[in-house]
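First up is the structure itself, then whatever we jot down about it.
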Amino acid sequence: MTIRTVATRPIAGQRPGTSGLRKKVRVFQAPGYLENFVQSIFNSLEGLAGSTLVLGGDGRYFNETAIQIILRMAAANGVARVLVGRGGILSTPAASCVIRKHRAFGGIILSASHNPGGADGDFGIKYNAGNGGPAPEKLTEAMYAETQRLTAYRTIDAPAVDLTRLGDGTLDALRVSVIDPVADYAELMAQLFDFEQLRTLLRAGKFRLCFDAMHAVTGPYAREILENRLGAPPGTVINGVPLLDFGGGHPDPNPVYAAELVARMNGADAPDFGAASDGDGDRNMVLGRNFIVSPSDSLAVLAANYDAVPAYQRGLAGVARSMPTSCAVDRVAQALGIAAFETPTGWKFFGNLLDAGRVTLCGEESAGTGSDHVREKDGLWAVLYWLNILAVRGQSAEEIVRAHWRRFGRNVYSRHDYEALETTAAEQLIGALRARLPQLAGTRAGGLAIESADDFSYTDPVDASVSRNQGVRILLAGGSRAVLRLSGTGTEGATLRVYFERYEPDPTKFDVPAQQALAPLIALVEELTQLKHRTGRKAPDVIT
């Protein structure tokens, strides 16, 4: 076959965000849009020729079409082999697992994570490096620079690769290996957790689990591990068939979008434990009967109960959390005498810490938790970790969390999302607040005294790289704070996330509803930003 060089021109707006490039499907379907970005990835990778790549996605609309385009371009750019999940499927944590196990050069993951799918929904693409983790900022900036000077992309004319059959085939000089998307990942989970103990828990008949895969990529993984290997009854996994549009739902595991699971867990005959994962399998929500575990509390509980899980009984090297995540895990780290790191939002910032052996567990408030087993957050891993804790402790999820609060205090926490805002208005709001930061220390707002305020800057302790303007922090006495940042995961307008945290050591106040306990902080942010007036919104779109 002959390599075909196709003339093109730069396309605006192809700067990767915290999790790659995300746009509407129709944007990616425009002539040359995907091809330009993929060629920019390839142009930025030194040593690509003769290498092995991993390729797969969350199964959303346009996934298989994009994979065929990328395979033809990989062949034209000298890649020697591509490992691709059967049907084009690979969850994000499984892709990281496959990259690491097979020592691949890197991988391309096609996903818009928790964003809606379908022909009118979202699509995304990101590159993961040889450690299995998201490309570092230096590399994503190099990719973006390529998009701004690209004049041609390379491809070949070839029939589509059959992605339904396992095994090897060829595409010109490219070896295409269609692999079982679940096998390597399931093997890794069996090495980390006590599967025999989990079989006893799930087969006993007294403990009932409900896992909501939200018609997203985790369905096949959860069915194979929870039902087939661990013996949970058929039907334990609900919404387990991946669909192009996620069944018309929003595959974000939070109480708003996983309403079916929440209703089951609040019902008269509720299961003992509930969990959900998102579009590409890297996020999780954990619930007990009539009890929702916040992502920040979940991370802290996992750290505090490390000795219940075989893979972590050796001890934790340290923990890390994204800056907006509550400080609950910091209190655990202090008690354990280990380091706690605060990073910008984006899993790539954990990569250096994990590779250097500085941390074992890490997480972020947007329902992502993970460890050094891969270099991505991992939804099903977090559920198995919780099940291992439940099996060892013999308590319910609520009992475990409440015991945790009694020991460490409660970090009352909530996130308010304002989605699809007019971009200029959102940027002006943040800009005006940034301009006031030097004057805020020692002042009062919303009846509260402000101790300090800054725009979070992070210096990586491993490579000394610096990331600035990562979110505005308003810090108050006693561990309370408010954080504001513009998210990079939306595809329309701007998404403003506002985070509120209040430390509560008094057990008699643990049951005060979060929004009530945080009301003074909410008032503080409104007074400082005039958020309602600037955005035209009377209330957040989503509260978690």
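What does the accessible area per residue of the chain come to in Å², with a 1.4 Å probe and no ligands, DNA or RNA counted?
Details: 20340 Å² over 544 residues.
It amounts to 37 Å² per residue over the chain.
Per residue and in cubic angstrom, what volume does the convex hull of the Cα atoms of the range 215-335 have?
Working: hull volume 16.1 nm³, N = 121.
For the range 215-335, the hull spanned by Cα atoms encloses 133 Å³ per residue.
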Inter-centroid distance (Cα atoms) of the range 195-210 relative to the range 516-539, Å = 45 Å
ask   = With a Cα-only, solvent-free Debye model of the range 354-459, what are the log10 I(q)/I(0) values at q = 0.10, 0.13, 0.21 Å⁻¹?
value = -0.56, -0.87, -1.21
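Quick one: pull the percent of accessible area on the range 303-346 belonging to carbon and sulfur, 1.4 Å probe, ligands and nucleic acids left out.
Details: 590 of 1390 Å².
Here it works out to 43 percent.
Estimate the FRET efficiency between Asp355 and Ser452 by the formula 1/(1 + (r/R0)^6), using the beta-carbon distance for r and 30 Å for R0, to the nearest 0.05. Display every interim value, and only then the final one.
On the way: r = 32 Å, r/R0 = 1.07.
Using R0 = 30 Å, I get an efficiency of 0.40.
Hey, what did the chain get for relative contact order, percent, Cα under 8 Å, at least 6 apart? Numbers along the way, then the final one.
On the way: 1241 pairs, mean separation 71.9, N = 544.
Once normalised by length, the contact order is 13 percent.
Sorted by average packing, counted as other Cβ atoms within 10 angstrom per residue and highest first, what order do 81-93, 141-153, 295-307 take?
Working: 81-93: 25.9, 141-153: 16.6, 295-307: 24.3.
Most protected by this proxy first, the peptides run 81-93, 295-307, 141-153.
Considering only protein heavy atoms and a 1.4 Å probe, what is the carbon-and-sulfur percentage of the accessible area of the range 121-262?
Values: 3090 of 5920 Å².
Result for the range 121-262: 52 percent of the exposed heavy-atom area is carbon or sulfur.
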request  = Give the cross-link partners of Lys24 among the aspartates and glutamates, using a straight C-alpha distance below 19 Å as the criterion and excluding same-chain residues fewer than 8 apart.
outcome  = Glu35, Asp58, Glu64, Asp120, Asp122, Asp245, Asp252, Asp278, Asp280, Glu419, Glu422, Glu492
query = Which pairs in the list Lys126/Lys206; Lys126/Lys532; Lys23/Lys138 are over 31 Å apart, alpha-carbon to alpha-carbon?
reply = Lys126/Lys206; Lys126/Lys532
remark   = Rg (one decimal) and Dmax (whole number) from the Cα set of the range 1-63, in Å, equal 13.3, 37
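Kindly give the semi-axes, whole Å and largest first, of the ellipsoid equivalent to the range 445-544, taking each as the square root of 5 times a Cα gyration tensor eigenvalue.
Numbers: eigenvalues 117, 84, 39 Å².
Output for the range 445-544: semi-axes of 24, 20, 14 Å.
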request  = Evaluate Rg over Rh across the range 155-221, taking Cα atoms for both radii and Kirkwood's formula for Rh.
outcome  = 1.18
ask   = Nearest 0.05, what FRET efficiency do Asp269 and Asn228 give at R0 = 41 Å with Cβ-Cβ as r?
value = 0.95
inquiry  = Net charge around Val256, counting only other residues with Cβ within less than 10 Å of its Cβ (Lys, Arg = +1; Asp, Glu = -1)?
reply    = -3
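Counting only Cα atoms, I'd like the Rg/Rh figure for the chain, Kirkwood definition for Rh.
Values: Rg = 22.9 Å, Rh = 23.9 Å.
Over the Cα atoms of the chain, Rg/Rh equals 0.96.
The values are calculated or read from the model by the stated rules, or taken from the named source; none is laboratory data. As the structure is a computational prediction, the values presented were derived from the model and not from experiment. Using ideal geometry, Cβ is built from the backbone for each residue, glycine included, and neighbour counts are taken over all protein chains shown. These area figures cover heavy atoms from the full protein model, side chains too; ligands, DNA and RNA do not enter into them. Shrake-Rupley method; radii C 1.70, N 1.55, O 1.52, S 1.80 Å.
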